[in-house]
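Student: What follows is a single structure, and I will ask about it in a moment.
The values are calculated or read from the model by the stated rules, or taken from the named source; none is laboratory data. Fair warning: this is a prediction, and the values are worked out from it, not measured in the lab. Please note: Cβ atoms are built from the backbone with ideal geometry, for glycine as well, and neighbour counts cover all protein chains shown.
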Amino acid sequence: MKLNQWCRIFALSGVFVSALAAPHAVAQSYPSKPINFVVPAAAGGPTDAVTRLIADQMSKSMGVSVIVEPKPGGGGNIGANYVAKSAPDGYTLLMATLGTHAVNETMYSNLQFDPQKDFEAVSQVVSYPLVIAVRPDLGINNVADLIKLAKTRNLNRGSGGSGTSMHLSGEYFNSMAGVQMTHVPYKGSAPAVTDLLGGQIDLVFDTILTVLPHVKQGKVKVIGVTTDTRSPVLPDVPPISDTVPGYSMSSWIGVVVPKGTPKSIVDRLQTEIAKALKVPDVREKLLSQAAQPVGSTPEQFREFIKQETIRWGKVVKESGAKAN
């Protein structure tokens, strides 16, 4: 064999070996700089709080800063679109919500990203119930009272934004209870609850985490939980389904990254999230806020998102929910 042919063979062999080694090299060098963790909601809300808890543990474990960056607005679409358009290198994460990845595809006709095609699923982080929280001066003590009042006068129902779980849980309630409360969207849970406390709106569907401090102070009253069973955090609050048979929903959040992110990085992130959720202090804080740790695999989370999109797409269409 001629010398130049041997040279060509050795050169091609080097390329082949380099290609095989590339994913391993990426995994070995990642992360080498701070990671940006985008929250598609306002600071101070439930998604932000859980993200900061997880980001802190990831930072300690991975040896780099994990910076939480709230990007609220558009029912989570602003933050989700930002991450969808980011480099697929593992340095920009999104704390996806039921809204951004299971609802908005049906709710919004002008999405600038595809929840199914523009992201790689990493892991579901938690699931949690929502509650109905009302102003004490409304004189409402239970869900039956709320339905009765909603049929006699207009009630303003706040949420963390159009397409969020807070919005959809209310639309679902409207449909099943036969009422029509007016939806008032905000850029996250925190400003919605602020207006509830100020008397600008009558009630919210929101997380226990968000309303619990105000419940303890007697500033808001919780009258129903969205899941089939009572929450250990608020054991005296009955399920909405006790009054509205068949009503049941849980919200959730989970981590996704831009499509094309190397599998080695996706797997590393999933491992770090699962590790964070096993830290006793983290689990205790989550459970005290009625958030159930999950830590699913990328494959499990991908299938979960698919099924949730089918379920909530149907709810959006049947309820006539609009992005207002």
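Student: Just need a number here: residues in segment 250-285 that are of a type in the set (A, V, I, L, M) and buried (at least 22 other Cβ atoms within 10 Å of the Cβ).
Tutor: Within segment 250-285, residues that are of a type in the set (A, V, I, L, M) and buried (at least 22 other Cβ atoms within 10 Å of the Cβ) number 7.
Student: Could you list, in sequence order, all residues of segment 113-130 that are in a strand (DSSP E or B) and either modelled with pLDDT of 95 or more or among the β-branched types (Val, Ile, Thr) (or both)?
Tutor: 119, 120, 121, 122, 123, 124, 125, 126, 127, 130
Student: Now for a different question. Which condition breaks for residue 222 when tested against (1) touching a strand residue (DSSP E or B) at 6+ places or on another chain (Cβ under 6 Å); (2) buried (at least 24 other Cβ atoms within 10 Å of the Cβ); (3) not in a helix (DSSP H, G or I)?
Tutor: Status for residue 222: all satisfied but (2).
Student: If we keep just the residues of segment 31-50 that are without any contact (Cβ under 8 Å) to a residue 60 or more places away in the chain and out of contact with any Lys or Arg (no Cβ under 9 Å at 6 or more places or on another chain), which is surrounded by the most Cβ atoms within 10 Å (Cβ to Cβ)?
Tutor: 35
Each row is one residue, and each column tells you yes or no for (1) without any contact (Cβ under 8 Å) to a residue 24 or more places away in the chain; (2) under 23 Å from residue 226 (Cα atoms); (3) of a type in the set (A, V, I, L, M); (4) in the same structural domain as residue 156 (by TED's automatic domain parsing).
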{"site": "255", "(1), (2), (3), (4)": "no, no, yes, no"}
{"site": "259", "(1), (2), (3), (4)": "no, no, no, no"}
{"site": "265", "(1), (2), (3), (4)": "no, no, yes, no"}
{"site": "278", "(1), (2), (3), (4)": "yes, no, no, no"}
{"site": "286", "(1), (2), (3), (4)": "no, yes, yes, no"}
{"site": "293", "(1), (2), (3), (4)": "no, yes, no, no"}
{"site": "301", "(1), (2), (3), (4)": "no, yes, no, no"}
{"site": "310", "(1), (2), (3), (4)": "yes, yes, yes, no"}
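Student: Checking residue 267 against (1) assigned to a loop (DSSP other than H, G, I, E, B); (2) within 19 Å of residue 117 (Cα to Cα); (3) among the charged types (D, E, K, R), only one condition comes out false. Which one?
Tutor: It is condition (1) that residue 267 fails.
Student: Go through segment 172-191 and give me each residue that's at pLDDT below 95 and either buried (at least 23 other Cβ atoms within 10 Å of the Cβ) or touching a strand residue (DSSP E or B) at 6+ places or on another chain (Cβ under 7 Å) (or both).
Tutor: 172, 185, 186, 188, 189
Student: Now for a separate question. Write out, first by first residue and then by second, each pair whose Cβ atoms fall under 7 Å of each other, whose residues are 6+ apart or on separate chains, and whose first residue, in segment 91-103, is assigned by TED's automatic domain parsing to the domain that holds residue 71 and under 15 Å from residue 310 (Cα atoms) while the second is among the acidic types (Asp, Glu) and surrounded by fewer than 24 Cβ atoms within 10 Å (Cβ to Cβ).
Tutor: 98/308; 102/308
Student: Let me ask another. Would you point out the residue of segment 275-295, among those that are in contact with a helix residue (DSSP H, G or I) (Cβ under 7 Å, 6 or more places away or on another chain) and not in a helix (DSSP H, G or I), that is modelled with the lowest pLDDT?
Tutor: 289
Student: With respect to residue 154, determine if the residue is modelled with pLDDT under 95, in a loop (DSSP other than H, G, I, E, B), at negative phi and of a type in the set (S, T, N, Q).
Tutor: Here the answer is no, as residue 154 does not meet what is asked.
Student: Of everything in segment 58-87 that's closer than 13 Å to residue 269 by Cα and in contact (Cβ under 8 Å) with a residue 60 or more places away in the chain, which residue is surrounded by the most Cβ atoms within 10 Å (Cβ to Cβ)?
Tutor: 58
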